[in-house]
Amino acid sequence: MIKLEALTKYYKKHARGILDVSLEIKKGEIFGFIGPNGAGKSTTVRTLLNLIFPTSGNATIDGLDIVSDTIEIRKMVGYIPSEVNFYDDMYVKDFIKYATSFHGEVDQPFMDMLVEKLELDLNRKIEDLSFGNKKKVAIVAALVTHPKVLILDEPTSGLDPLMQSVFFQLLEGEKKQGTTIFFSSHNLSEVQRICDRVGIIKEGRLIKVETVEDIMRTRAKTVRIKTDDQVDIDEHMINVEKINGYVSFVYTGETKHLVELLSHLDVKDVTITEPALEEIFMHYYERDDHDETTH
Amino acid sequence: MKQLIKTEFKRNLRSLILWSSIVAGTAALMLLLYPAFKDAFSQMEEFLSIYPEEFLEAFGMGEGGLDMSDFYGWFGVEGYLFVNLIGGSYAAILGGSILSKEEDDKTIEFLLSKPISRDHILYGKGLVVAINLLLLNTFVGIVLLIAFTIYGDLNVPVWLLFSYAPFILQMIFASLSFFISVFIVKSRKVISIALGIVIGMYVIDLISKLTDEFEYLKYITPYEYINAVTIVNDETIKPLYLLISVLIIGVSFVSAWFFYRKKDITA
């Protein structure tokens, strides 16, 4: 449904763009696109929406080219921006009317349902809304047109946990109807919660694409041991911390090597657990550049 | 595009009403002063004769210029300039901000996620500028019609020219600022530059009239294209000037379109 082929964007002013990003997102899939601020998430989103033009490479959405067919694409895409900037002087209801007017008839019962679930007040001015409430306006405006593809850039920022939960329910409903969702975020737990697959972007390069299940099942283990011995740090250990006689780290090497390593130590206590996505994420981020570019 | 035009028009309506009132109000004020000055004109002519000819010409009162004791002459010297300066300022502000405001306020991200092409955004906004300026001049035109009818014989061609010639000047300023705003998106910066052009061109107009040496400058200042002397005395706008005006407006708009369609929106 969404296909990026060696998509590259350089900015003139030395700001980092994206380099050689290739990936394919299937219809009905929720794809998490994660990386810290400045990694190239928004650049990717902006390129897909043709706010900016690719330097090289190309991308298609439902077979349509993001540059030459951008109008056709925008007819079927719902977009929630990370920073919501709408016309301050408009009332919420007028704004939503304006936003939907580009798409034709509005599904009024569906809109009423969205407004009710998100507890949105239609009779207020945009400028009087909090960030979270503006985000709700963006969610309604994006979902109400029944898009085939949703492009979300940090969609949950500003929403309280309850509303985040409502939002995820709505996304799951969309997914059931076959909507493809591109979910850009730096919050791993939400990606873990809702996404089928995850792509990790670092300094403009896509360094890993895996299913959430697989990424959780990688060799990496979180190890916590209690020992008085000196633990030699090797290259497979990351996030090493020493607190109160405990040493904890994420081990990225072979499991048998870990067992061997532990066998040489006077280990008084040990716990080995599956790492949280956050820790795996750190794992991709702390490795050297050259060995992490995988496609 | 229809929704965009409608929404844009609504959003700009309040400022249109405000500016129309200011322009028409200033024109009306100058017209109201006419009866009071009419009697003083004999003294005034004597008073004015102490000024050099070039100076009087600069304000349209020299030889072959306007007769201030005539109602149209009075308006051409005293009212028309304000209409052009204030109306021109409105045009420059509107033209310079209608497009850049979307980027400055970052609402462009919303607009460009909707199925509307950049071409249509540009046409739509350009059209709203033209409509607003036509409405402003129509409003001023109505005030002039009433005044001209009350104070003297209504000369229809002169009335129409006084009402709609400023539209040409305003469109020039609006399209120039529209073009600049493709590159400079900070509204405040665009407006400063645009107003600089409005005032700067007026200064150039004065210089071209005050000195023979720089007379050629008259070809680059829109104030000259629609000057009151030609309107009152010849009841026309010179075809050459009309052609230059259309070219400036056309080239500015087409250039704006050319660069905007390929522009990275990074706001």
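The values are calculated or read from the model by the stated rules, or taken from the named source; none is laboratory data. Bear in mind that the values here come from a model prediction, so they are computed numbers and not experimental data. Counting neighbours? That spans all protein chains shown, and the Cβs are built from the backbone with ideal geometry, glycine included.
Points to keep in mind about this one:
- The set of residues in the stretch A:246-256 being surrounded by 11 or more Cβ atoms within 10 Å (Cβ to Cβ) and out of contact with any His (no Cβ under 7 Å at 6 or more places or on another chain) consists of A:Tyr246, A:Val247, A:Ser248, A:Phe249, A:Glu254, A:Thr255.
- Just one of the listed residues (A:Gly40, A:Gly63, A:Gly78) is in the same structural domain as A:Leu129 (by TED's automatic domain parsing), touching a residue at least 12 places away in the same chain (Cβ under 8 Å) and out of contact with any Pro (no Cβ under 9 Å at 6 or more places or on another chain), and it is A:Gly40.
- Filtering the stretch B:246-257 to residues that are out of contact with any helix residue (DSSP H, G or I) (no Cβ under 8 Å at 6 or more places or on another chain) and crowded, with 22+ Cβ neighbours inside 10 Å leaves nothing.
Yes/no matrix, rows are residues, columns are (1) among the hydrophobic types (A, V, I, L, M, F, W, C); (2) more than 23 Å from the chain's Cα centre (by Cα); (3) under 26 Å from B:Lys218 (Cβ atoms); (4) modelled with pLDDT of 75 or more:
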{"residue": "B:Lys38", "(1), (2), (3), (4)": "no, yes, no, no"}
{"residue": "B:Ser49", "(1), (2), (3), (4)": "no, yes, yes, no"}
{"residue": "B:Met61", "(1), (2), (3), (4)": "yes, no, yes, no"}
{"residue": "B:Leu66", "(1), (2), (3), (4)": "yes, no, yes, yes"}
{"residue": "B:Asp70", "(1), (2), (3), (4)": "no, yes, yes, yes"}
{"residue": "B:Leu81", "(1), (2), (3), (4)": "yes, no, yes, yes"}
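- Count - residues of the stretch B:208-245 that are in contact with a helix residue (DSSP H, G or I) (Cβ under 6 Å, 6 or more places away or on another chain), part of a helix (DSSP H, G or I) and farther than 17 Å from B:Phe162 by Cβ: 6
- Scanning the stretch A:9-29 for residues that are surrounded by fewer than 24 Cβ atoms within 10 Å (Cβ to Cβ) and in a strand (DSSP E or B) gives A:Lys9, A:Leu19, A:Asp20, A:Ser22, A:Leu23, A:Glu24, A:Ile25.
- Selection of the stretch A:228-254 for residues being in contact with a strand residue (DSSP E or B) (Cβ under 7 Å, 6 or more places away or on another chain) and among the β-branched types (Val, Ile, Thr) yields A:Val231, A:Ile233, A:Ile238, A:Val240, A:Val247, A:Val250, A:Thr252.
- Evaluating B:Gly65 against the criteria (1) touching a residue at least 40 places away in the same chain (Cβ under 8 Å); (2) in a helix (DSSP H, G or I); (3) more than 14 Å from every other protein chain (Cβ to nearest Cβ) leaves one unmet condition, (2).
- Matching residues, the stretch B:113-135, being within 15 Å of A:Ile73 (Cα to Cα) and surrounded by fewer than 21 Cβ atoms within 10 Å (Cβ to Cβ): B:Pro115, B:Ile116, B:Ser117, B:Arg118
- The set of residues in the stretch B:112-143 being within 14 Å of chain A (Cβ to nearest Cβ) and small (Gly, Ala, Ser) consists of B:Ser113, B:Ser117, B:Gly124.
- Boolean, B:Val140 is β-branched (Val, Ile, Thr) and more than 30 Å from A:Gly104 (Cβ to Cβ): yes
- Subset of the stretch A:81-104 (residues that are of a type in the set (Lys, Arg) and free of Cβ contacts under 8 Å to residues at least 12 places away in the same chain): A:Lys97
- Residue in the stretch A:121-131 that is farther than 21 Å from A:Val149 by Cα, more than 9 Å from every other protein chain (Cβ to nearest Cβ) and of a type in the set (S, T, N, Q) present: yes
- One residue stands out among those in the stretch A:31-58 that are outside any strand (DSSP E or B) and among the polar types (S, T, N, Q): the one that is farthest from the other protein chains (Cβ to nearest Cβ), which is A:Asn37.
- Only one of the numbered conditions (1) over 21 Å from B:Tyr202 (Cα atoms); (2) part of a helix (DSSP H, G or I) is violated by B:Ile50, and that is (2).
- Of all the listed residues (A:Val149, A:Val106, A:Val137), the sole one being surrounded by fewer than 19 Cβ atoms within 10 Å (Cβ to Cβ) and more than 9 Å from every other protein chain (Cβ to nearest Cβ) is A:Val106.
Yes/no per residue for (1) outside any helix (DSSP H, G or I); (2) hydrophobic (A, V, I, L, M, F, W, C); (3) under 30 Å from B:Asp234 (Cα atoms):
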position	(1), (2), (3)
B:Gly60	yes, no, yes
B:Glu78	no, no, yes
B:Ile86	no, yes, yes
B:Phe110	no, yes, no
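- Candidates in the stretch A:235-263 are the residues that are in contact (Cβ under 8 Å) with a residue 24 or more places away in the chain and part of a loop (DSSP other than H, G, I, E, B); of these, the one that is nearest to A:Ala220 (Cα to Cα) is A:Thr252.
- Taking the stretch A:59-100 as the range and being at the interface with chain B (Cβ under 8 Å from one of its Cβ atoms), more than 23 Å from A:Asp121 (Cβ to Cβ) and part of a strand (DSSP E or B) as the test, only A:Val77 passes.
- Contact map, the stretch B:202-213: residues that are modelled with pLDDT of 85 or more and among the polar types (S, T, N, Q) paired with residues that are outside any helix (DSSP H, G or I) and surrounded by 12 or more Cβ atoms within 10 Å (Cβ to Cβ), Cβ distance under 6 Å, separation 6+ or inter-chain. Pairs shown: B:Ser208/B:Phe214.
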